[in-house]
């Protein structure tokens, strides 16, 4: 089993970006341009490596390879995006890899693109790229090309050597467990061994509500691969497990004005097998809260007025400042209740919310995360 943190170190140490490896400061698939560029790189790396894995490392400065990290990114719907836009789509996995020197809320993103030995192309137009376009890697660049010859396999031996040097061992596993237990002392860290092989660590702030147990500030890591499976500073999470599986049910708090309720968002189950493999099943179980259309029209128009003031740098009233705290979430509720025009408004609000208040921006990112899960289901 590959230790993904060690794999990233070997990729960064190997050499500059090339035909099997790319690195990015960040990606943003919430917008057409970012989505298009991400799909272009997936397409190019897949086409340039028909026999071996390709990788994108996210959260690294290009100039000096400094690891600065990115926000935890839930990848559960990213394959749906790739399937929607690419013909002959490769299997793509996005993993969140914690590094000891990074803050708790930052990780390094690792995208693994599996070989399919077929030519991948854009299925339809997106941003400035046309449907039918085929991309390949030219050094460190992803470029459109006309495919007319068989791709020479020049990377398999190099990639195999890098992956072999990143294999996990007992010392790395034990170090990972001790690091997690020491770092999460405030939130009652636990560990469990599955199938005498997999070591899973988790921690959270435990809450007992009637007969149900919930956790917030949840952190879950698969130590063998050094992969963070779940992280949140906000959500309520229900956790259960058997001898061969670990289940997480994620809740989100949504509502209007002073009335908010918890709604089930997603169920994620990690299945551990006897052959030293594991799989993750993710199911969206979200039922959007429903509200009166007249109330939503009032809230939607009020949000637009606040957004216009932010755009023009006009001071907000005390009441508007309070409403701003829920602007992103209420735009989301409007969208989920049939107000299609609320979605571009939500996206448009991003730079103004980010400029206004950093803590409010964290709430905005949480809203976008919920939207992304729902949108690509």
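From the list 319, 271, exactly one residue is more than 24 Å from residue 374 (Cβ to Cβ) and modelled with pLDDT under 95. Which is it?
Checking each option against the conditions leaves just 319.
Tell me which of these residue 161 doesn't satisfy, since it passes every other one: (1) more than 26 Å from residue 281 (Cβ to Cβ); (2) touching a residue at least 24 places away in the same chain (Cβ under 8 Å); (3) part of a helix (DSSP H, G or I); (4) out of contact with any helix residue (DSSP H, G or I) (no Cβ under 8 Å at 6 or more places or on another chain).
(2)
Filter region 60-94 down to residues that are farther than 29 Å from residue 130 by Cα and assigned to a strand (DSSP E or B), then give me how many there are.
Number of matching residues: 4.
Within the group 22, 16, 74, which residue is over 26 Å from residue 198 (Cα atoms) and out of contact with any strand residue (DSSP E or B) (no Cβ under 7 Å at 6 or more places or on another chain)?
Working: 22 fails: out of contact with any strand residue (DSSP E or B) (no Cβ under 7 Å at 6 or more places or on another chain); 74 fails: over 26 Å from residue 198 (Cα atoms).
Within the list 22, 16, 74, the selection yields 16.
Residue check: is residue 279 part of a loop (DSSP other than H, G, I, E, B), in contact with a strand residue (DSSP E or B) (Cβ under 7 Å, 6 or more places away or on another chain), closer than 30 Å to residue 75 by Cβ and modelled with pLDDT under 95?
no
What's the total number of residues in region 338-354 that are surrounded by 17 or more Cβ atoms within 10 Å (Cβ to Cβ) and in a loop (DSSP other than H, G, I, E, B)?
Residues meeting the conditions: 2.
Would you mind finding the one in 12, 39, 110 that is at pLDDT below 95 and not in a loop (DSSP other than H, G, I, E, B)?
12
Tell me which residues, restricted to region 320-335, are surrounded by 14 or more Cβ atoms within 10 Å (Cβ to Cβ), out of contact with any strand residue (DSSP E or B) (no Cβ under 9 Å at 6 or more places or on another chain) and touching a residue at least 24 places away in the same chain (Cβ under 8 Å).
Result: 324, 327, 328, 331, 334, 335.
What are the pairs, 6+ residues apart or on separate chains, where a residue within region 283-300 that is within 11 Å of residue 256 (Cβ to Cβ) has its Cβ under 8 Å from a residue that is at pLDDT below 95 and assigned to a strand (DSSP E or B)?
Cβ pairs passing all conditions: 289/254; 289/255; 289/261; 289/263; 291/256; 295/256; 299/256.
If you check residue 266 against the conditions, is it touching a helix residue (DSSP H, G or I) at 6+ places or on another chain (Cβ under 7 Å), more than 30 Å from residue 336 (Cα to Cα) and in a strand (DSSP E or B)? It would help to see each step written out before you state the result.
Working: touching a helix residue (DSSP H, G or I) at 6+ places or on another chain (Cβ under 7 Å): yes; more than 30 Å from residue 336 (Cα to Cα): no; in a strand (DSSP E or B): yes.
It is false that residue 266 is touching a helix residue (DSSP H, G or I) at 6+ places or on another chain (Cβ under 7 Å), more than 30 Å from residue 336 (Cα to Cα) and in a strand (DSSP E or B).
Just the residues that are at pLDDT below 90 and either on the phi > 0 side of the Ramachandran plot or out of contact with any strand residue (DSSP E or B) (no Cβ under 8 Å at 6 or more places or on another chain) (or both), please, taken from region 209-241.
Correct list: 209, 210, 211.
Can you say whether residue 115 is under 18 Å from residue 159 (Cβ atoms) and either out of contact with any helix residue (DSSP H, G or I) (no Cβ under 9 Å at 6 or more places or on another chain) or part of a helix (DSSP H, G or I) (or both), as far as the supplied structure shows? Steps first, please.
Details: under 18 Å from residue 159 (Cβ atoms): yes; either out of contact with any helix residue (DSSP H, G or I) (no Cβ under 9 Å at 6 or more places or on another chain) or part of a helix (DSSP H, G or I) (or both): no.
It is false that residue 115 is under 18 Å from residue 159 (Cβ atoms) and either out of contact with any helix residue (DSSP H, G or I) (no Cβ under 9 Å at 6 or more places or on another chain) or part of a helix (DSSP H, G or I) (or both).
Counting only residues that are exposed (fewer than 15 other Cβ atoms within 10 Å of the Cβ) and out of contact with any helix residue (DSSP H, G or I) (no Cβ under 8 Å at 6 or more places or on another chain), how many does region 366-377 have?
So the count comes out to 1.
Looking only at region 73-94, filter to residues that are in contact with a helix residue (DSSP H, G or I) (Cβ under 9 Å, 6 or more places away or on another chain) and without any contact (Cβ under 8 Å) to a residue 24 or more places away in the chain; which one of those is surrounded by the fewest Cβ atoms within 10 Å (Cβ to Cβ)?
Once the filter is applied, the top-ranked residue is 93.
Here are some conditions: (1) in a strand (DSSP E or B); (2) within 30 Å of residue 33 (Cβ to Cβ). Residue 132 meets all but one. Which one does it not meet?
The single condition residue 132 does not satisfy is (1).
Would you confirm, using the coordinates I've provided, whether residue 229 is in a loop (DSSP other than H, G, I, E, B), under 20 Å from the mean Cα position of the chain (by Cα) and not assigned by TED's automatic domain parsing to the domain that holds residue 98?
In short, no.
Which of the following residues is surrounded by 17 or more Cβ atoms within 10 Å (Cβ to Cβ), under 21 Å from residue 6 (Cα atoms), in contact with a strand residue (DSSP E or B) (Cβ under 6 Å, 6 or more places away or on another chain) and free of Cβ contacts under 8 Å to residues at least 40 places away in the same chain: 69, 109, 59?
Numbers: 109 fails: free of Cβ contacts under 8 Å to residues at least 40 places away in the same chain; 59 fails: free of Cβ contacts under 8 Å to residues at least 40 places away in the same chain.
Exactly one residue qualifies, and that residue is 69.
The values are calculated or read from the model by the stated rules, or taken from the named source; none is laboratory data. Not measured: the values here are computed from a predicted model. Note that each Cβ is placed from the backbone with ideal geometry, even for glycine, and that neighbours are counted across all protein chains shown.
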